[in-house]
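First comes the structure, then the notes that go with it.
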Amino acid sequence: MVEPANADGDLNQWLAQQAAQRQARFLERRRLTLSVSDAVTVRAGDELLLNFSGNDYLGLASHPEMIAALKDAADSHGVGSGASALVSGFRKQHQLLEKELAEFLQRDKVLLCSSGYLANLAVATSLTTRGDVIIQDKLCHASLIDGARLSRAKLLRYPHADLDVLQRQLEKSRTGNALVVSDGVFSMDGDTAPVAGLSALCRQHGAWLAVDDAHGIGICGPAGRGSVAAAGLSATQVPVLTGTLGKAFGCFGAFIAGSGALIDQLVNEARSYIYTTAMPPALAAAARAALRRVSEDEWRREHLQALIGHFREAAAQRGLALMDSQSPIQPLVIGKSQDTLELSARLRKKGFLVVAIRPPTVPEGTSRLRITLSAAHRFSQLDKLLDAVAESCKHG
Ligand SMILES: *Cc1c(COP(=O)(O)O)cnc(C)c1O
């Protein structure tokens, strides 16, 4: 085959410039190839690392019941779903998981999605369009921003958790619908959204509220029903609730919970739901096993809360200033990307995996170690990490 002269060379040149710019700003990203050794230990080549950078908050990702459910379902139903849900990919396991999630979350209906990213695109694009407005917290997850962009609605953002600014934004005259969107627990800061205040403002101004509780469901609230339930809010107060199966559930996939009418709207209008292959039914079976552990294993949440309390106390004793978070996300803000990368590298030499989180995931100048805790961690492991952090900061 004859290559068109130069076309490739131009692209390569441009790509090299892009890569050089990223490197110069310490924003280059690389993937680490890991294999799992146990719930909190990973192997990178011949390094054995204690993982403080995962979202398997309840330590369920390698639970034997989930593994067995996945294997059994694959044996009986195969692997791929073979089509999108509306064509021929929707199976009994999906239907049962939707029903059980709806019962767990105390909502009328649930729609399973292939990922939380796609679930958030689905919500924004099927509830709003040109002429409407989406108002988001400035620290909302990237998928919520992308959903708003794709919806063609006007996107307004208020400073983190600032209900006064949100109120002014809602008061400004508008013609179309208004959708207020927030993380329930913020993914990079670990703090909880003022969901009761958001819901009250939405009610006053006739706006709709969607909460993405990717880091809350399974972890906080009664029986792990999340930050909306923790605030005592009902389906009327928070009509759109999304969550992921990839974090506390230790599985994969995501869901949107709400009224039957909401789910009908999504099934009919959400392109990110309609035009993608349905999740493998065996994964739905594994997620059903996870849901049983999430709802029944109160001890996992109790141990996790004890770890969080211990971690915060032990960090304070060592003079380490954490952000104000009561969730398993315990960030230590360093500031510059370069410094954060160096600290992360020093910790890795000591046997800890704590990935540096840099812009654009977090605002410029707030690069951080996003330390995450799991119910599979032991107290002594937290102490060892904190000793290593304190030591590395001193000699940094
Ligand atoms: C992780 C995350 C998502 C994406 O969920 P996936 O299932 O991983 O695609 C969405 N929203 C928030 C707040 C998240 O942290």
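None of the figures in this text is laboratory data; all of them are computed from the coordinates on show. Note that the structure is a prediction, hence the values are computed from the model and not measured. Cβ coordinates were reconstructed from backbone atoms using ideal geometry, including for glycine residues, and neighbour counts include every protein chain displayed.
Out of all DSSP beta bridges in the range 64-296, what portion is antiparallel? Express it as a percent rounded to 5.
Values: 11 of 28 bridges.
Antiparallel: roughly 40 percent of the beta bridges in the range 64-296.
Suppose we keep just the DSSP beta bridges with both residues in the range 17-157; what percent of those would be antiparallel, to 5?
Numbers: 7 of 11 bridges.
Rounded to the nearest five, the antiparallel share is 65 percent.
Among 227, 380, what is the fewest-to-most ranking by other Cβ atoms within 10 Å?
Values: 227 25, 380 8.
Listed from fewest to most nearby Cβ atoms, that is 380, 227.
Which one of 136, 21, 381 has the biggest mean-square fluctuation once the chain is modelled by GNM with Cα springs under 10 Å?
21
Can you give the local net charge around residue 384? Use residues other than it whose beta-carbon is closer than 15 angstrom to its beta-carbon, Lys and Arg +1, Asp and Glu -1. Provide the component values of the computation, followed by the final result.
Values: positive: 318, 346, 348, 349, 350, 378; negative: 383, 387, 391.
That works out to +3.
How far is the Cα center of the range 48-105 from the Cα center of the range 120-134, in Å?
If you average the Cα positions of each part, the centres end up 28 Å apart.
Tell me the trypsin sites (Lys or Arg not before Pro) within the range 26-60 that lie in a loop according to DSSP and have at most 16 other beta-carbon atoms within 10 Å.
29, 30, 31
How large is ³J(HN,Hα), in whole Hz, for each residue of the range 139-152 in order, when computed from phi with the Karplus curve 6.51 cos²θ - 1.76 cosθ + 1.60 and θ = phi - 60°, using x for Gly and Pro?
9, 4, 4, 3, 5, 6, 5, 5, x, 5, 4, 6, 6, 6
Compute the distance in nm between two label points, each set 7 Å from the Cα along the Cα-to-Cβ direction, one at residue 65 and one at residue 361.
Modelled inter-label distance: 3.1 nm.
How far is the Cα center of the range 305-380 from the Cα center of the range 186-231, in Å?
23
Suppose the chain between residue 34 and residue 380 were pulled fully straight at 0.36 nm per residue; how much longer would it get relative to their current alpha carbon spacing?
On the way: separation 346, 0.36 × 346 = 124.56 nm, distance 2.34 nm.
Gain on extension, residue 34 to residue 380, equals 122.2 nm.
For the chain, with a Gaussian network of springs between Cα atoms less than 10 Å apart, report the residue from 187, 337, 88 with the top mean-square fluctuation.
Highest fluctuation among the options: 88.
Assuming a ≥ b ≥ c are the square roots of the Cα gyration tensor eigenvalues, decide whether the range 64-296 counts as rounded (a/c under 1.5), prolate (otherwise, with a/b larger than b/c) or oblate. Intermediate results must be reported in sequence, preceding the final value.
Working: a/c = 2.23, a/b = 1.57, b/c = 1.42.
Prolate, since a/c reaches 1.5 and a/b exceeds b/c.
Of 223, 290, 263, whose Cα points farthest to the positive end of the dipole of the range 64-296 (charges on the beta-carbon: +1 Lys, Arg; -1 Asp, Glu; origin at the Cα centre)?
Of the listed residues, the answer is 263.
Which one of 385, 351, 180 has its Cα pushed farthest toward the positive end of the charge dipole of the chain, where Lys and Arg give +1 and Asp and Glu give -1 at the Cβ?
Working it through, the farthest residue towards the positive pole turns out to be 180.
Under a GNM of the chain (C-alpha, springs under 10 Å), which listed residue has the highest mean-square fluctuation: 109, 247, 349?
Greatest mean-square fluctuation among the candidates belongs to 349.
Indicate the gyration tensor shape class of the range 169-323 (rounded, prolate or oblate), computed on the Cα atoms with a ≥ b ≥ c the square roots of the eigenvalues: a/c under 1.5 is rounded; otherwise a/b larger than b/c is prolate and the rest oblate.
Values: a/c = 2.15, a/b = 1.21, b/c = 1.78.
Since a/c reaches 1.5 but b/c is at least a/b, the shape of the range 169-323 is classed as oblate.
Rounded to the nearest 5, what % of DSSP beta bridges with both residues in the chain are antiparallel? Kindly include the intermediate steps, with their values, before the conclusion.
Working: 26 of 45 bridges.
About 60 percent, rounded to the nearest 5.
With the Cα gyration tensor of the chain giving a ≥ b ≥ c as the square roots of its eigenvalues, does the rule (a/c under 1.5 for rounded; else a/b larger than b/c for prolate; else oblate) give rounded, prolate or oblate? Before the final figure, lay out each step's value.
Working: a/c = 1.24, a/b = 1.20, b/c = 1.03.
It is rounded, given that a/c, with a ≥ b ≥ c, falls under 1.5.
So how much slack lies between residue 316 and residue 129, counting 0.36 nm per residue of separation and subtracting their Cα-Cα distance, in nm? Can you show the working numbers first?
Working: separation 187, 0.36 × 187 = 67.32 nm, distance 4.72 nm.
Answer, rounded to one decimal: 62.6 nm.
Where does the charge balance sit around residue 285 when Lys and Arg score +1, Asp and Glu -1, over other residues with C-beta under 12 Å from its C-beta? Could you put the intermediate results ahead of the total?
Working: positive: 71, 91, 92, 288, 292; negative: 65, 72, 75, 100.
With Lys, Arg at +1 and Asp, Glu at -1, the net is +1.
Sequence gap of 8 or more, or different chains, plus Cα separation below 21 Å: how many lysine pairs satisfy both in the chain?
Taking the Cα cut-off of 21 Å, the pair count is 16.
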